[in-house]
1. Any idea how many residues of the stretch 105-129 are under 16 Å from the mean Cα position of the chain (by Cα) and in a loop (DSSP other than H, G, I, E, B)?
2. What are the residue pairs meeting all of these: first residue in the stretch 226-244, first residue surrounded by fewer than 24 Cβ atoms within 10 Å (Cβ to Cβ) and modelled with pLDDT under 95, second residue part of a loop (DSSP other than H, G, I, E, B) and of a type in the set (Phe, Trp, Tyr), Cβ atoms under 6 Å, and 6 or more apart or on different chains?
3. Give all pairs with beta carbons closer than 7 Å in which a residue from the stretch 101-126 that is within 19 Å of Val213 (Cα to Cα) meets a residue that is outside any loop (DSSP other than H, G, I, E, B) and aromatic (Phe, Trp, Tyr); count only pairs at least 6 apart in sequence or on separate chains.
4. Restricting the first residue to the stretch 202-217 and requiring it to be in contact (Cβ under 8 Å) with a residue 40 or more places away in the chain and under 14 Å from Asn135 (Cβ atoms), which pairs with a second residue that is surrounded by 15 or more Cβ atoms within 10 Å (Cβ to Cβ) and not acidic (Asp, Glu) meet a Cβ separation below 7 Å and a spacing of at least six or different chains?
5. Going by the conditions given, is Leu156 under 29 Å from Asn20 (Cβ atoms) and part of a helix (DSSP H, G or I)?
6. Taking the stated definitions as given, is Lys165 among the basic types (Lys, Arg), modelled with pLDDT under 95 and under 22 Å from Met65 (Cα atoms)?
7. So which residues in the stretch 168-215 are modelled with pLDDT under 95, closer than 15 Å to Gly69 by Cβ and among the polar types (S, T, N, Q), if there are any at all?
8. Has the stretch 45-68 got at least one residue that is part of a helix (DSSP H, G or I), closer than 23 Å to Phe225 by Cα, without any contact (Cβ under 8 Å) to a residue 40 or more places away in the chain and more than 14 Å from the chain's Cα centre (by Cα)?
Amino acid sequence: MKIYRIRPGTRVKLTDFDSNGETELAGDKERGLAQLDRLKAELQHLQRMLYAERRHRLLIVLQGMDGSGKDGTVRHVFNGIDPHGLRVVSFKSPTAQELDRDFLWRIHREVPAKGEIVVFNRSHYEDVVAVNVKNLAPKTVWEKRYSHIVNFERMLVDEGTTILKFFLHISREEQRRRLQSRLQNPDKHWKFNPDDITDRRLWPQFTDAYEDVLSRTSTAEAPWFVVPANRKYYRNAVIAGIIGETLAKLELKYPAPAWDMSQVTVE
């Protein structure tokens, strides 16, 4: 967690982070996949206790450039998790109904209940990053949202929610390879959107916007982690490890039964 966690007050430059990974695991795929399997098994055990105990809530935020692997992270880190205690929410462009309200209205509706893990595949941070880069609103509108987001997340934490935010950090060259593979593989054509090419031309602007987000909204209560995402197995292992370590700190346990089990028999 310490390697990739952004300390509050840090001015982030993404060029300071290696998108390939910074530990020995980054160069050993076989070992990385084995480590991921172990971490997922532990994560599944912890999640069952989280769901059974119904005392804590966990919100996971995934952000990153197009092609950084948000869908893949959900698919590979959370498969095997009890679906009763897991929800994945993907935030697309706001609907007319959502635009008629404050930008956090649609977000607040989806935060986790007790015993639940909720994964935001994109999130309220789009209302700063995309709105800024694509000039969807003036700076006087989106600039204020930094403090609104920090206060919103602090309120969630005060009410019992644990928040982990992951920025999936890929290189521009790796993004090119992934977008090209979508064009060349008919089975991946459904994932391709011409807007991805338009957004790719804005790579420097998106980088600047994300650096501001990471610098200004990584707090002690709701930290950001910049996760190397060029190697998918490494990305998944890092995220699974951080989530597992966080859940372990909650000292989860199965609740005591509400009746005397010694008096129960099955005929």
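The values are calculated or read from the model by the stated rules, or taken from the named source; none is laboratory data. Everything numeric in this text was worked out from a predicted model, so none of it was measured. Positions of Cβ are generated from backbone atoms using ideal geometry, with glycine treated the same way; all protein chains shown enter the neighbour counts.
1. So the answer is 8.
2. Note: no pairs meet the criteria.
3. Listed pairs, sorted by first residue: Leu104/Phe152.
4. Note: pairs meeting the criteria are Leu202/Val133; Gln205/Val133; Phe206/Met65; Phe206/Val129; Phe206/Val133; Ala209/Val129; Ala209/Asn132; Ala209/Val133.
5. Details: under 29 Å from Asn20 (Cβ atoms): no; part of a helix (DSSP H, G or I): yes.
No.
6. Numbers: among the basic types (Lys, Arg): yes; modelled with pLDDT under 95: no; under 22 Å from Met65 (Cα atoms): yes.
Judged against the criteria, Lys165 is not a match.
7. Of everything in the stretch 168-215, just one residue is modelled with pLDDT under 95, closer than 15 Å to Gly69 by Cβ and among the polar types (S, T, N, Q), namely Ser181.
8. Initial filter on the stretch 45-68 (part of a helix (DSSP H, G or I)): 45-53.
Okay, now just the ones that are also closer than 23 Å to Phe225 by Cα, so 46-47, 50.
From what's left, without any contact (Cβ under 8 Å) to a residue 40 or more places away in the chain: none.
No; the residues of the stretch 45-68 include none that is part of a helix (DSSP H, G or I), closer than 23 Å to Phe225 by Cα, without any contact (Cβ under 8 Å) to a residue 40 or more places away in the chain and more than 14 Å from the chain's Cα centre (by Cα).
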